[in-house]
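Participant: Here you go, one structure.
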Amino acid sequence: MIKVNAIGDTCPIPVVKTKKAIKELNGAGVVETSVDNEIAVQNLTKMANKSGYAVKSEKISNTEYKVTITIGEDQVETAQNETEEAECYVPSNGKKKVVVAIDKDYMGEGGEELGKNLLKAFIYAVGQQDELPSTILFYNGGVQVTTKESPMLDDLKSMEAQGVEILSCGTCLNFFGLTEELKVGAVTNMYDIVERMEGADVLVKP
C-alpha cells in the first residue's frame, strides 16, 4: 500500500499525487489518500471510476477523509488498453471535439448588465447549433451560471439532455459558497479541466 498525504492541498494536487502513486505501484495494489474536504473526495472518486478502479471513502473527522483506491491485475490491463485506445482514437464521423470554457457570469468587458445578457444569448445560441459542443466547462465566476436561479439553467439543462457534458470547478463552487447550489451538470477538478481543454479540437472561450 502507498499512502498519500494530500491534506491542505488544493485542486488538482490530490488527484495528481494519487495518480503518481498509482504509477509507482507498477501493477496491482492499493493507494490510500488523505484529504481534508469533500470536493477532493469527489474528484478522487471520479478519477478512480473513470479508470475502472475500485474506490471507497471514509470520513475520519470534519477535517480528514480517507480515499482508498484498489487496482487489480485485470484493472491494470484494462486501464492500459483503454489508454492506448484513447490515444489512437479518431472520430469516425469526422466531427471536431468542441469544448466551451466559461470563466465568468458575463461576456466581454464594459457594461455588466449588457455582459450578462450577452452571455445568456451566447449560451442560447450554442444550444441552437446543428452540432453541439462535447463539453462546457465553468470555472472561477463562471460557476455562478450553473447554480442557484441562473437565467441560463434551462438552456444548459436542454443541452445536457442532448449529451453535452456540463462541468463546474469544485474548488470554485466552494470558494463562492455554491457547492450545495449546483443545479445542472457535475462537479469537476482543474486536472480534468486541463485534460479536456488539451483534448479539444476547438476551444471556444466567450
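Participant: Across region 1-21, which residue is farthest from residue 46 (Cα to Cα) among those that are of a type in the set (Val, Ile, Thr) and part of a loop (DSSP other than H, G, I, E, B)?
Facilitator: Restricting to residues being of a type in the set (Val, Ile, Thr) and part of a loop (DSSP other than H, G, I, E, B), the top hit is 7.
Participant: Being surrounded by 21 or more Cβ atoms within 10 Å (Cβ to Cβ) and in a helix (DSSP H, G or I) is the filter here, so list the residues in region 169-201 that pass it.
Facilitator: Within region 169-201, 170, 171, 172, 173, 192, 193 meet the criteria.
Participant: Sticking with this one: Does residue 157 meet the test of being at negative phi, surrounded by fewer than 18 Cβ atoms within 10 Å (Cβ to Cβ) and in contact (Cβ under 8 Å) with a residue 40 or more places away in the chain?
Facilitator: Taking the combined requirement at face value, the residue does not satisfy it.
Participant: Another question, then. Sort out which residues of region 149-168 are closer than 20 Å to residue 116 by Cα and either under 19 Å from the mean Cα position of the chain (by Cα) or in a helix (DSSP H, G or I) (or both), and write them in order of number.
Facilitator: Residues satisfying the conditions are 153, 154, 155, 156, 157, 158, 159, 166, 167, 168.
Participant: Now a separate question. Give region 6-32 a look and list any residue that's of a type outside the set (Lys, Arg), under 14 Å from residue 69 (Cα atoms) and over 19 Å from the mean Cα position of the chain (by Cα), or say none.
Facilitator: The answer is 21, 22, 24, 25, 27, 28, 29, 30, 31, 32.
Participant: Just to be sure, is residue 145 farther than 22 Å from residue 40 by Cβ and within 16 Å of the chain's Cα centre (by Cα)?
Facilitator: Against the criterion (farther than 22 Å from residue 40 by Cβ and within 16 Å of the chain's Cα centre (by Cα)), residue 145 qualifies.
Participant: Answer yes or no as to whether residue 5 is surrounded by fewer than 17 Cβ atoms within 10 Å (Cβ to Cβ), without any contact (Cβ under 8 Å) to a residue 12 or more places away in the chain and closer than 27 Å to residue 172 by Cβ.
Facilitator: No: the conditions fail for residue 5.
A short reminder: the numbers here are calculations on the coordinates, not readings from a lab. On a predicted model such as this, the values are computed, not experimentally measured, just so you know. Glycine also receives a Cβ, built like all others from the backbone with ideal geometry; neighbour counts cover every protein chain displayed.
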